[in-house]
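Inspection log for the structure reproduced underneath, given as structure tokens.
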Amino acid sequence: MSWHDHAPYPNSAAALAYRHKQLSEGLSKFQGTRIRVVRTHARDKKVLDLGCVSHHFDFSRDKWLHQHVVDVAAECVGADYNEAGVKQLNEAGYDAVFVDITGDISVLLDRGPFDLVVAGEIIEHLPAPQKLLDMAEKVLRPGGELLVTTPNPYAPHRQRAAVTGKTWENVDHVIYAFPSGMAEMADRAGLVLSRYGTVGWPAPTNLREITIQSFRDLRTAIRARIRGEQDPLSETKWALNVPNYWLSPLDVLLVFARRRRRLLGETSIYVLTKPERA
């Protein structure tokens, strides 16, 4: 199913209504952190974890996502295009394969099908993100899921960075994924966007604490500006040198007003399902 089944043009009323229905039904509230969501989905399943190599080759880091998947999955196969890292993983006792998911994926087809494909902070690095979804559709069993985590372009601090011209994001990122775009790529790959939402900072927990911290950071930045200090990574001369993840008082109110169904967290999560039958 796609918007082509409803309208001849992608910006027609019928096409927009189709997409609105997809997004309205899929919007979800995820509990906990990104790692907790991944662990919940991976528990007792056969999992393919993409991008499994740690940037620092440190297998003991609490934030290393692959270890969390290995801990809870019934079976976990790691995949990465970092050949040296894959070799080191296998020598350490992990099960990993060297593969470029935008090319020949026969090694993954031989190890599948999988109940779950995890793509943690991968899609924003790919020059052809559609190939990630196409690959997942091929290696998943019917009813299996692709779990994508990626930076949320609607997070308040990213919107502020765009306005002030501040450079702080990972320079290896090439795209931002957004809900309508993910729904479209899912349709093209024969998958279904079943759930999406955000997690991470800002967490809607303690309004008083976050508000106080907001004003503290603002006061520090104003004092620095009075002293003549400027943000060297901002194109706007009047921009205050606040922390990258700073929330303005208005942001704080927005976060708490939208805490039930919001798209303001640091990380977006998308769950795409392979239909049981075509």
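Tabulated data for the structure shown
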{"quantity": "When residues of the range 21-35 are limited to those that are assigned to a helix (DSSP H, G or I) and out of contact with any helix residue (DSSP H, G or I) (no Cβ under 9 Å at 6 or more places or on another chain), the one farthest from Cys52 (Cα to Cα)", "calculated": "Lys21"}
{"quantity": "Selected residue (only one of Gly144, Gly181 is farther than 23 Å from Leu263 by Cβ and either in a helix (DSSP H, G or I) or touching a residue at least 24 places away in the same chain (Cβ under 8 Å) (or both))", "calculated": "Gly144"}
{"quantity": "Which listed residue is more than 20 Å from the chain's Cα centre (by Cα), surrounded by fewer than 20 Cβ atoms within 10 Å (Cβ to Cβ), modelled with pLDDT of 95 or more and assigned by TED's automatic domain parsing to the domain that holds Ser194, from Ala74, Ala17", "calculated": "Ala74"}
{"quantity": "Residue check, Ala42 in contact with a helix residue (DSSP H, G or I) (Cβ under 6 Å, 6 or more places away or on another chain), surrounded by 16 or more Cβ atoms within 10 Å (Cβ to Cβ) and of a type in the set (Gly, Ala, Ser)", "calculated": "yes"}
{"quantity": "Test: residue in the range 204-212 that is crowded, with 16+ Cβ neighbours inside 10 Å, out of contact with any helix residue (DSSP H, G or I) (no Cβ under 7 Å at 6 or more places or on another chain) and either among the hydroxyl-bearing types (Ser, Thr, Tyr) or modelled with pLDDT of 75 or more (or both)", "calculated": "no"}
{"quantity": "Selected residue [within 30 Å of Arg141 (Cα to Cα), at pLDDT 75 or above and of a type in the set (Lys, Arg)] from Arg219, Arg195, Arg223, Arg227", "calculated": "Arg195"}
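The values are calculated or read from the model by the stated rules, or taken from the named source; none is laboratory data. The model shown is predicted, which means the values in this text are computed figures rather than measured ones. Heads up, the Cβs are rebuilt from the backbone with ideal geometry, glycines too, and the neighbour counts pull from every protein chain shown.
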